[in-house]
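Take this structure first; my questions come after.
Computed from the coordinates by the stated procedures, all read-outs in this text should not be read as laboratory data. Every value quoted in this text rests on a predicted model; they were computed, and no experiment measured them. Methodologically, a virtual Cβ is constructed for each residue, glycine included, from the backbone with ideal geometry; neighbour enumeration extends over all protein chains shown.
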Amino acid sequence: MKLDLRDVTKVFGTTRALDELSLQIPEARVLVLIGPSGGGKSTLLRVLGGLEVPDQGSVTLNEHRLNADPESLQAYRRRNGFVFQQFNLFPHLNARRNITLPLEKVHGHSPEAARALADQSLTRFGLLDHATKLPSQLSGGQQQRVGIARAIAFSPEVLFLDEPTSALDPEMTAEVLELIQELAEAGQDIILSTHEMGFARAVADQVAFVASGQIAESNPPQALFNAPVSPVCQRFLSRVMRY
Ligand SMILES: Nc1ncnc2c1ncn2[C@@H]1O[C@H](COP(=O)(O)OP(=O)(O)O)[C@@H](O)[C@H]1O
Ligand SMILES: [Mg+2]
């Protein structure tokens, strides 16, 4: 994918969540956003995914220049997959139905086609045995994997993940990170935010450090983690990498 953001600003009340943020990425498979809490990562992901319209600036993802027209925004959103920190599964629907429902209602598939796609997606992630379980009958890691299975069932152009493992214990974190790595290796374009620095380093081909609503620095992981140039990124990494 390629990405071009120019002077993007998003204000909530008196908070400038994004403050004239610019970022140009000519080519990347996996872009990872890191940085302090409150820095603007979630807002940036939401803007990139078309869930939030910026107050100012331009956003171009691949060939699509985003605009505020509700119809084109909705069409754009439908092409992308989203996974959030809190798994966002429908609690009263089983794993399979959580996947087939949006395929039918949002993407217009027949029930049969939706079921076939859902089962393909569940099988891919070793979840088919859990197809008829409710979210409450699944572990956190399994729930998040169902969330990812749902997000990729219709082959999204870009998969967005906002801190997908921050609500998970270490073992479940590993199973979800392995799955994301697998998707990346299979060619899925991904933009994700995470606090897992080891994972960011392993999976990203581009890392952007987001702080105070701006990109303090953006580089391939080797460069960014080994030799950060901006003082904010140096300070952040020296603190989080210490333990
Ligand atoms: N819907 C919202 N309403 C008000 N303030 C918000 C909203 N979303 C984000 N913010 C504020 O914008 C800033 C950036 O938040 P966020 O994008 O969530 O950062 P991060 O994901 O890096 O923690 C924070 O100060 C946050 O409180
Ligand atoms: Mg966030």
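Is at least one residue of the stretch 32-48 of a type in the set (D, E, K, R) and within 16 Å of ligand 2 (Cβ to nearest atom)?
yes
Yes/no matrix, rows are residues, columns are (1) part of a helix (DSSP H, G or I); (2) among the hydroxyl-bearing types (S, T, Y); (3) on the phi > 0 side of the Ramachandran plot:
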| residue | (1), (2), (3) |
| --- | --- |
| T165 | no, yes, no |
| E175 | yes, no, no |
| L179 | yes, no, no |
| A184 | yes, no, no |
| G187 | no, no, yes |
| I190 | no, no, no |
| H195 | no, no, no |
| A208 | no, no, no |
| S218 | no, yes, no |
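Looking at the stretch 9-30, which of its residues are in a strand (DSSP E or B), away from ligand 1 (no atom under 12 Å from the Cβ) and in contact with a helix residue (DSSP H, G or I) (Cβ under 9 Å, 6 or more places away or on another chain)?
L23, V30
Let me ask something else about it. Can you name the residue in the stretch 34-71 that is within 16 Å of ligand 1 (Cβ to nearest atom) and among the hydroxyl-bearing types (S, T, Y) and, of all such residues, is surrounded by the fewest Cβ atoms within 10 Å (Cβ to Cβ)?
S37
For the stretch 72-108, which residues satisfy the criterion of being more than 16 Å from ligand 1 (Cβ to nearest atom), among the hydrophobic types (A, V, I, L, M, F, W, C) and in contact (Cβ under 8 Å) with a residue 40 or more places away in the chain?
Within the stretch 72-108, F87, L89, F90, L93, A95, I99, L103 meet the criteria.
Determine whether the stretch 225-242 contains at least one residue that is in contact with a helix residue (DSSP H, G or I) (Cβ under 8 Å, 6 or more places away or on another chain) and charged (D, E, K, R).
no
A further question follows. Please work out if R6 is over 14 Å from the mean Cα position of the chain (by Cα), over 26 Å from A200 (Cα atoms) and not hydroxyl-bearing (S, T, Y).
no
Still on this model: Counting only residues that are in a helix (DSSP H, G or I) and either exposed (fewer than 14 other Cβ atoms within 10 Å of the Cβ) or not hydrophobic (A, V, I, L, M, F, W, C) (or both), how many does the stretch 84-117 have?
Final tally of qualifying residues: 10.
When the residues of the stretch 126-151 are narrowed to those that are of a type in the set (A, V, I, L, M, F, W, C), surrounded by fewer than 20 Cβ atoms within 10 Å (Cβ to Cβ) and touching a residue at least 40 places away in the same chain (Cβ under 8 Å), which ends up farthest from ligand 2 (Cβ to nearest atom)?
Across the stretch 126-151, the extreme among qualifying residues is L134.
Among the residues that make up the stretch 152-161, is at least one of them in contact with a Phe, Trp or Tyr (Cβ under 6 Å, 6 or more places away or on another chain), under 30 Å from L23 (Cα atoms), of a type outside the set (G, A, S) and within 16 Å of ligand 2 (Cβ to nearest atom)?
Yes, because at least one residue in the stretch 152-161 is in contact with a Phe, Trp or Tyr (Cβ under 6 Å, 6 or more places away or on another chain), under 30 Å from L23 (Cα atoms), of a type outside the set (G, A, S) and within 16 Å of ligand 2 (Cβ to nearest atom).
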